[in-house]
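The values are calculated or read from the model by the stated rules, or taken from the named source; none is laboratory data. This is a predicted model, so every value here is computed, not measured. Here Cβ is always computed from backbone atoms with ideal geometry, including for glycine, and neighbour counts include all displayed protein chains.
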Amino acid sequence: MNTPKTKPVQTQAAKPTRKPRRAREVIAPYETVAAANFAEYPIGHGRVIQGDCLDVLRALPADEFVLAFTSPPYLNAINYSQHVDKLKGQVARWEREQVSYAEYREFLTARFGALQRVVKPGGYNIVNIAPVGWNGERVALPFHFVAWMEALGWKFREDIIWEKSIARDRRSGVLLQHPFPGYYYPSLVSEYVLVFQKPAAKKDRENIYWFRSAEEKKRNELDLSEYQGEMSKNVWKIRPLSPQENTHPAPFPLELAERILKLYSYQGDAVIDIFAGSGQTNLAAERLERRHVGIEILPEYVKYALKRLEAQVAQERLI
C-alpha cells in the first residue's frame, strides 16, 4: 500500500512544466499541494487523494485540468457509510436515509463551483447522473442538475444517454398484470452523461485543441472504425458492472470512462474525478496515458482504488 505524501502548504502552486512527448514516453505524475486535512497517495501517472473534494479542490492549481469526469452521489440512492460497514461485516445491509434536497443541492453546487476554478478555459466537466426514486416519487435530478451547473457558469454542451445493455427489469411487470392505459412503468435501463464546458475569454479558444501541435493531434487520432455506428449517436450501449466485478456499490463501467477520456482529452492531459469511488476514472486515465487525480473521502474506497491502480501499474512495467 502506498504511504501518504505530504508537503508544506504553499500560497500558490506551480504548474508542472509540459515538454513535448513521443507516443510511449513516461508521463510525470501530477503534483498537488498537500494540506493537513487530506492525504495524497501517488500512483502511476497520478494520485488518489483521501479527503473532502471541496478541501482538496481549494488546494489545487487553477486552470490545470482539461477534463473532469465523475458520478456524484444520487441524492440518497446509496448510504455509502453503511455500505462500508457492510463490507466490514458490521451490518447485514445498508439502509437509505432521508436527505434534504436543499442541502444536497448546496453540497453539489459548492463542489462543482470549486471544480470550475481548476478546469482549463475550454475544458470539460462531464457528469454521469440519473433520476432517483424515493417515497413513491421520481426526482428529476439530471434536469435540476443542468440548471444548477448553468447557474455556476458552466456551459451545457451535450446530453448522452448511457443505455445499460444488461439491466434487471423491475417495473414493466405492472403492465403485464394490468394491461390497461395508465399502468405503464418502463424499466429503468439508462442514465445520463451530461457534458458541460468552462467558458474561455476568446471564442476561438473555447475548445481543447486550439493549442495542440500537428504532431500531438496525430498521436491522439481517434479510431473511427466504429464511429458510424453507436458512437456517432448520443445513445451509448455499454454493459454495467455486476456487484461481483467491483466492491463499490455504484461504479460506472471502465468502458464508459475510457470512451469519455478518449473523446475529451489528449495523452498527457490532467484529468480529475472529484467523487472517485473505486477509481474507475483514474484507472482509465492510467491506461490511456493521462495524468490523473481522484478524490475520495472514504478510506476503504481509497484503499480499493489504490489496489486496482497498483495492479495496472505493475502490468505496465512488464510491457
message = So, in segment 150-185, how many residues would count as being touching a residue at least 12 places away in the same chain (Cβ under 8 Å) and aromatic (Phe, Trp, Tyr)?
response = 4
Matching strands (runs of 3 or more DSSP E) fully within segment 89-195 where at least 2 residues are touching a Lys or Arg at 6+ places or on another chain (Cβ under 6 Å) and at pLDDT 90 or above = 119-129
key: Of the criteria (1) more than 21 Å from the chain's Cα centre (by Cα); (2) more than 26 Å from ARG290 (Cα to Cα), which one SER165 fails   = (1)
message = Of all residues being under 17 Å from LYS164 (Cα atoms) and of a type in the set (A, V, I, L, M) in segment 213-257, which is surrounded by the most Cβ atoms within 10 Å (Cβ to Cβ)? Just the residue, please.
response = ALA257
note = Those residues of segment 43-62 that are in contact (Cβ under 8 Å) with a residue 60 or more places away in the chain and either at positive phi or not in a helix (DSSP H, G or I) (or both) come to a total of 11
query = Could you count how many residues in segment 59-95 are in contact with a helix residue (DSSP H, G or I) (Cβ under 6 Å, 6 or more places away or on another chain) and either surrounded by fewer than 18 Cβ atoms within 10 Å (Cβ to Cβ) or more than 30 Å from GLN197 (Cβ to Cβ) (or both)?
reply = 4
ask   = Can you name every residue in segment 295-319 that is among the hydroxyl-bearing types (Ser, Thr, Tyr) and either over 22 Å from LEU57 (Cβ atoms) or at pLDDT 95 or above (or both)?
value = TYR304
ask   = Is it the case that segment 277-288 has a residue that's surrounded by fewer than 17 Cβ atoms within 10 Å (Cβ to Cβ) and not aliphatic (A, V, I, L, M)?
value = no
inquiry  = Can you find, within segment 180-212, the residue that is surrounded by the most Cβ atoms within 10 Å (Cβ to Cβ) among those that are hydroxyl-bearing (Ser, Thr, Tyr) and under 27 Å from LEU141 (Cβ atoms)?
reply    = TYR192
message = Among the residues of segment 187-240, what is the count of those that are free of Cβ contacts under 8 Å to residues at least 40 places away in the same chain, farther than 22 Å from GLY123 by Cβ and in contact with a helix residue (DSSP H, G or I) (Cβ under 8 Å, 6 or more places away or on another chain)?
response = 0
request  = Name the residue, out of ALA92, ALA102, ALA114, that is of a type outside the set (Lys, Arg), free of Cβ contacts under 8 Å to residues at least 24 places away in the same chain and either touching a Leu at 6+ places or on another chain (Cβ under 8 Å) or under 19 Å from ALA151 (Cβ atoms) (or both).
outcome  = ALA102
